[in-house]
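Participant: Let me give you the structure first, and then I'll get to my questions.
We did not get these values from a lab; they are worked out from the coordinates using the rules stated. None of the values given here were measured: they were computed from a predicted structure. Here the Cβ positions follow ideal geometry from the backbone for every residue, glycine too, while neighbour counts run over all protein chains shown.
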Amino acid sequence: MSIFVNKNTRLLVQGITGKEGQFHTRQCVAYGTKVVAGVTPGKAGQKMDDVPVFHTVKDAVKATGANCSMIFVPPPFAADAIMEAADAGVEMIVAITEGIPVMDMMRVKNFLAGKTSRLIGPNCPGIITPGECKIGIMPGVIHKPGGPIGVVSRSGTLTYEVVHQLTCQGIGQTTCIGIGGDPVNGTNFIDCLDAFQKDSETTGIVMVGEIGGTAEEEAAEFIKQHVTKPVIGFIAGLTAPPGRRMGHAGAIISGSSGTGQGKIAAMKACGITVCENLGTLGELCASVFGK
Amino acid sequence: MKIHEYQAKELFKKYNIPIPEGSVAFSVAEAQTVAEKLGGYPVVVKAQIHAGGRGKGGGVKLAGSREEVAVIAGQILGMNLITHQTGPEGRLVKKVLVEQGLNIKKELYLSIIPDRGTATVVIIASEAGGMDIEAVAEKTPEKIIKVYINPLVGIQAYHCREVAYGLNLAPETIRPFTALLSRLYALFVDYDCSLLEINPLIITADQAVIALDGKVNFDDSALFRHKDVMAYRDLDEENPLEVDASNFNLNYIALDGNVGNMVNGAGLAMATMDIIKQAGASPANFLDVGGGANAEMVENGFRIILSDKNVKGILINIFGGILRCDILAEGVVQAARKTGITVPVVVRMEGTNVEEGRRILSESGLNLTTAVDLKDAAQKVAAIVKG
C-alpha cells in the first residue's frame with residue numbers, strides 16, 4: 001500500500017515540452033511511472049518521445065484517462081494551470097513550479113475548496129511511492145521500496161537527505177511527499193499524517209518541517225489526537241535570523257511566531273520524537289522504528 | 001521587497017488615500033524649501049530608512065521654524081540611525097520626508113496582510129494606534145480587530161463597516177474611513193503586497209482620516225508584473241553582498257558567524273547552518289544555489305562567501321538531484337583556480353553522479369577535505385575554524 005499515488009496512477013504533464021518538463025518527464029518514465037499525456041497549448045498532435053501532447057487538460061484527460069497532473073508551467077501561468085487541471089477533474093495535481101505569487105495561490109486555494117482535486121505543492125519536489133511511481137524531480141535511486149515508513153516534508157533536498165539516511169539504515173519508504181516551501185500550499189502536513197495513519201503498510205512517519213507559519217504546531221496537535229504510529233520530527237532553521245525570508249517564501253519568522261524553538265517545543269509536548277541534529281536522523285529512526 | 005515611507009505615500013496618493021502634505025528631501029536646503037511650501041509650522045522631519053522604530057532612535061522630529069528645520073535636517077541627514085530593526089550597526093540616513101504637522105485627535109492602527117493558514121486577506125485594526133502592535137496583541141488581544149476576506153470575492157461594504165464600528169469611530173468619520181479601507185485593499189491586491197501598514201492612521205481635530213505613516217512590502221515572487229515597483233528599489237538599504245548574489249540568481253543572506261557555506265535547496269541550507277552551530281561553530285551566511293545551478297553560479301557563490309572577511313572555513317553540502325554532483329565539482333574547481341581559495345574547504349556530496357563529482361575533486365590537486373556524511377562534514381569544518 002501507499003498513499004495518494006501508486007503503480008496505477010496515470011500521469012499527464014503540464015508544460016511537457018519545456019526544458020524542465022522534458023527532462024523530468026523522461027526521468028519519471030525511466031522510473032516506471034505511467035506517463036500517458038502532455039499538455040502544451042498550441043502543440044497538440046506532437047509527441048514528446050512517445051507521449052502524446054494536447055492543447056488542453058480536458059482533451060488530454062478525455063483521450064487518455066489521466067488522473068494525475070505534474071505541473072512545470074512557469075510562475076506567471078502556474079495558477080492558471082492548476083485551476084485548469086482541477087476544472088478538468090484531475091484527482092491529483094502536483095505543482096513543482098517555484099515562485100508563484102502568494103495572491104495567485106490564495107485564489108487557487110479558494111478555487112479548489114469544494115472541488116475533488118488534491119493539490120500537492122507548489123514549490124515542491126513532488127511525491128514518490130518507491131518502486132511504483134515517481135511524480136516529481138527527486139532522485140529515484142535514493143529511495144528503498146516496500147515501506148514501512150512514510151515521509152512528509154516542506155523541503156526538497158532536505159527530504160532527499162532524510163530519505164537517503166533512512167535507506168542507508170535499511171529502512172524503506174511507503175510514500176514520500178514534499179508539500180512545498182510556499183506560505184500557501186495545497187495538501188498540508190495533517191492531510192498526509194491522516195493518510196499515513198490510515199495506510200496499513202505504513203508503521204511510522206518522519207515529518208520534516210522548517211521555520212515560518214504554524215503548520216508544524218497544528219500537525220503536532222493532530223498527531224496527539226489522531227496518530228497512533230510513532231512519529232519522528234525535524235525542524236530546519238534554528239539559526240535563521242528573524243524577519244528574513246530563508247530561500248523558501250514560507251520560511252520566515254514573524255515576530256514571535258514561526259520560530260524553530262517554538263515548533264520543537266510543540267512537537268515534544270505532543271509526544272513526537274524530535275531529532276535535534278540532522279546528522280543523526282538515520283540512527284534515531286533505526287532505534288525508534290526498528291529495522 | 002521593502003520601500004520607503006515617502007514611496008509608500010506616493011502609492012497612497014495614487015489610490016486617493018489621504019496623506020499629510022509633504023515631500024522628500026536629500027539635503028538641508030531642500031528640506032527648508034519643502035517646509036516653506038507647506039504653509040506653516042510646525043513641520044515634521046522624518047528619516048527615510050527601511051526599518052521601524054525611527055522615532056525612538058531619534059530619526060523623527062518636530063521643527064517649529066525655518067531655522068529649526070535646518071538644524072534638525074542637518075542632524076538627521078547623514079546620521080547613523082540605530083533602531084531595534086537595524087541591528088547595532090545602524091543605517092546611514094540619506095533622505096528625509098518633510099511633512100506638515102497635524103492636530104491629532106486619535107491614533108489608530110490599520111494593516112492588511114495575507115493569512116497563510118486560511119488563504120485569505122486579513123485586515124487588522126486597533127484603537128491602540130501608534131504603539132507596537134505585537135505588544136498590543138499580546139497584552140490586550142481584545143483591542144485587536146481582524147476581518148478575513150476571501151480574495152475570490154474581494155472586500156465588501158460590510159467588511160469595512162465591521163472594522164469601522166469595531167474601532168468606535170465617530171459617525172462623521174465612518175464614511176471617510178470605509179472609503180479609505182476599500183481603496184487600501186485595492187492597492188494591496190493590485191500590487192501584490194505582502195504587508196500594508198498604517199501606524200498611526202490618525203483622526204484630526206476636524207475629523208479627517210489621514211495616513212500619518214505608511215509601510216508597504218511586496219511579494220518578491222510577484223515583482224515580475226510590477227515593473228513600476230522595481231523602480232522603488234533602494235540598493236543603499238541592502239547588504240552589498242546580497243545585492244551581488246541576487247545578480248547571479250543566488251539566494252544569499254549574510255550572517256555574523258565564520259563558517260561560510262554553500263548548499264542546494266533552502267531547507268537543506270537551513271539545516272546545514274543549524275548543524276554547523278551544533279558542531280560548535282557559527283554560520284557566516286545562508287546560501288542556496290538552487291536546483292538549476294551551473295558552474296558559473298557556484299563560482300560566484302564562492303567569490304561572494306570569500307569576500308566576507310570573517311569567513312575562516314567553508315562547508316559545501318550538495319545533495320545532487322537536479323543539480324548533478326559533477327557540475328558542482330567542476331564549479332568548485334574553476335572557482336578555486338580563478339579566485340584562489342584562501343581558507344580550508346570541506347566538501348560533502350551525495351546523490352546524482354556523485355562518483356564522477358568525487359573523481360573531479362580528487363584529481364584537481366586542490367586542497368579540499370572530503371566528508372563522508374553531514375555529521376562528519378560539520379565536525380571537520382568546526383575543527384578547522386577552531387584551529
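Participant: Quick one: what are the phi-derived ³J(HN,Hα) couplings along the range A:184-197, Karplus 6.51/-1.76/1.60 with θ = phi - 60°, whole Hz, x for glycine and proline?
Facilitator: Residue by residue, the range A:184-197 yields 10, 10, x, 4, 10, 3, 4, 4, 6, 4, 4, 5, 5, 4 Hz.
Participant: So, counting K/R as plus one and D/E as minus one, what does the shell of residues with Cβ under 9 Å around B:GLU197 add up to?
Facilitator: Details: positive: B:LYS215; negative: B:ASP213.
The answer is 0.
Participant: If you average the alpha carbon positions of the range A:111-149 and of the range A:175-212, how far apart do those two centres end up, in angstrom?
Facilitator: 10 Å
Participant: In degrees, nearest 10, range 0 to 90: what is the angle between the Cα axis of helix A:19-31 and the longest Cα principal axis of chain A?
Facilitator: Long axis of A:19-31 versus the principal axis of chain A: about 70 degrees.
Participant: If you don't mind, there's one more thing I want to ask. Could you pull out the pairs from A:LYS19/A:LYS47; A:LYS19/A:LYS144; B:LYS2/B:LYS46; A:LYS144/B:LYS375; B:LYS277/B:LYS312 whose alpha carbons sit more than 19 Å apart here? Present the calculation step by step, with values, prior to reporting the outcome.
Facilitator: On the way: A:LYS19/A:LYS47 15 Å; A:LYS19/A:LYS144 28 Å; B:LYS2/B:LYS46 17 Å; A:LYS144/B:LYS375 22 Å; B:LYS277/B:LYS312 14 Å.
Beyond 19 Å between Cα atoms: A:LYS19/A:LYS144; A:LYS144/B:LYS375.
Participant: Amide H of A:ALA236 versus every other amide H placed in the peptide plane: which residues, excluding those fewer than 5 positions away on the same chain, fall under 5 Å?
Facilitator: The list, which skips near neighbours in sequence, is A:GLY209, A:GLU210, A:ILE211.
Participant: Please tell me the relative contact order of chain B in percent, rounded to the nearest whole number, where contacts are Cα pairs under 8 Å and at least six residues apart.
Facilitator: Details: 774 pairs, mean separation 46.9, N = 387.
Contact order relative to length: 12 percent.
Participant: Roughly how big is the protein assembly as shown's charge dipole about its Cα centre, with Cβ charges of +1 (Lys, Arg) and -1 (Asp, Glu), in debye to the nearest 20?
Facilitator: Values: 63 positive and 70 negative charges, 91 e Å.
Once rounded to the nearest 20, the dipole reads 440 debye.
Participant: Any chance you could give the angle, 0 to 90 degrees and rounded to 10, that helix A:102-112 forms with the longest Cα principal axis of chain A?
Facilitator: The helix A:102-112 is inclined about 80 degrees to chain A.
Participant: Scan around B:VAL60 for amide H atoms under 5 Å from its own, H built in the peptide plane at 1.01 Å from N, and keep only partners 5 or more places away or cross-chain.
Facilitator: Excluding prolines and chain starts, which carry no amide H, the hits are B:ALA47.
Participant: Something else: Of all the C-alpha pairs in the protein assembly as shown, what % are more than 42 Å from each other?
Facilitator: Working: 71562 of 229503 pairs.
It works out to 31 percent of all Cα pairs.
Participant: Can you list the residues, at least 5 places off or on another chain, whose amide H is less than 5 Å from the amide H of B:GLY351, using H built in the peptide plane?
Facilitator: Placed amide hydrogens put B:GLY320 under 5 Å from B:GLY351.
Participant: Could you line up B:MET230, B:MET1 from fewest to most neighbouring Cβ atoms inside 10 Å? Please report the intermediate quantities before stating the final value.
Facilitator: Details: B:MET230 11, B:MET1 18.
The fewest-first ordering by Cβ neighbours comes to B:MET230, B:MET1.
Participant: Is the range B:260-382 rounded, prolate or oblate when judged by the Cα gyration tensor, a ≥ b ≥ c being the square roots of its eigenvalues, rounded requiring a/c under 1.5 and prolate requiring a/b larger than b/c?
Facilitator: Values: a/c = 1.32, a/b = 1.16, b/c = 1.14.
Here the range B:260-382 falls in the rounded category.
Participant: What is the order of B:TYR158, B:TYR185, fewest Cβ neighbours within 10 Å to most? Could the numbers behind the result be given before it?
Facilitator: Working: B:TYR158 10, B:TYR185 20.
If I rank by nearby Cβ atoms, fewest first, I get B:TYR158, B:TYR185.
Participant: To the nearest 0.05, how large is the calculated FRET efficiency for A:HIS55 and A:LYS34 if R₀ is 25 Å and r is the Cβ-Cβ distance?
Facilitator: On the way: r = 22 Å, r/R0 = 0.87.
It comes to 0.70.
Participant: Another question, if that's okay. Which angle between 0 and 90 degrees, to the nearest 10, do you get for helix A:260-269 versus the longest principal axis of chain A when only C-alpha atoms count?
Facilitator: Tilt of helix A:260-269: around 70 degrees.
Participant: Still on this model: I'd like the distance separating the alpha-carbon centroids of the range B:140-180 and the range A:57-79, in whole Å.
Facilitator: What the calculation gives is 40 Å, centre to centre.
Participant: How large is the charge dipole for chain A, taken about the Cα centre, if only the Cβ atoms of Lys, Arg (+1) and Asp, Glu (-1) carry charge, to the nearest 20 debye?
Facilitator: On the way: 24 positive and 24 negative charges, 72 e Å.
Approximately 340 debye in magnitude.
Participant: Which value, to two decimals, describes the C-alpha radius of gyration of chain B once divided by 2.2 N^0.38 Å? Please report the intermediate quantities before stating the final value.
Facilitator: On the way: Rg = 25.5 Å, N = 387, 2.2 N^0.38 = 21.2 Å.
Normalised by 2.2 N^0.38 Å, the Cα Rg of chain B equals 1.21.
Participant: Which helices, taking whole DSSP H runs in chain B, have alpha carbons extending 24 angstrom or more along the helix axis plus mean Kyte-Doolittle at least 0.0? Could the numbers behind the result be given before it?
Facilitator: On the way: long enough: B:171-190 (30 Å, 0.52).
Correct list, ordered by number: B:171-190.
Participant: Taking the Cα centre of each part, how many Å lie between the range B:293-332 and the range B:16-67?
Facilitator: 46 Å
Participant: Return, ordered by residue number, the residues of the range B:338-353 whose backbone nitrogen is under 16 Å from a label point located 7 Å along Cα→Cβ of B:ASP373.
Facilitator: B:348-351
Participant: Checking the a/c ratio against 1.5 first, then a/b against b/c, what shape does the Cα gyration tensor give for chain A? Could the numbers behind the result be given before it?
Facilitator: Numbers: a/c = 1.96, a/b = 1.44, b/c = 1.36.
Prolate is the answer for chain A, as a/c is 1.5 or above and a/b outweighs b/c.
Participant: Continuing with the same structure: Residue by residue through the range B:237-249, what is 3J(HN,Hα) from phi via Karplus (6.51 cos²θ - 1.76 cosθ + 1.60, θ = phi - 60°)? Round to whole Hz and write x for glycine and proline.
Facilitator: 8, 10, 5, x, 5, 5, 5, 4, 4, 5, 5, 10, 6
Participant: Given a Förster distance of 22 Å, report the FRET efficiency between A:ALA286 and A:SER200 from their Cβ-Cβ distance, rounded to the nearest 0.05.
Facilitator: On the way: r = 22 Å, r/R0 = 1.01.
So, using R0 = 22 Å, E works out to roughly 0.50.
Participant: First check a/c for the range A:139-245, with a ≥ b ≥ c the square roots of the eigenvalues of its C-alpha gyration tensor; if it is under 1.5, answer rounded, and if not, answer prolate when a/b is larger than b/c or oblate otherwise. Write out the running numbers ahead of the final one.
Facilitator: On the way: a/c = 1.96, a/b = 1.27, b/c = 1.54.
Verdict is oblate for the range A:139-245.
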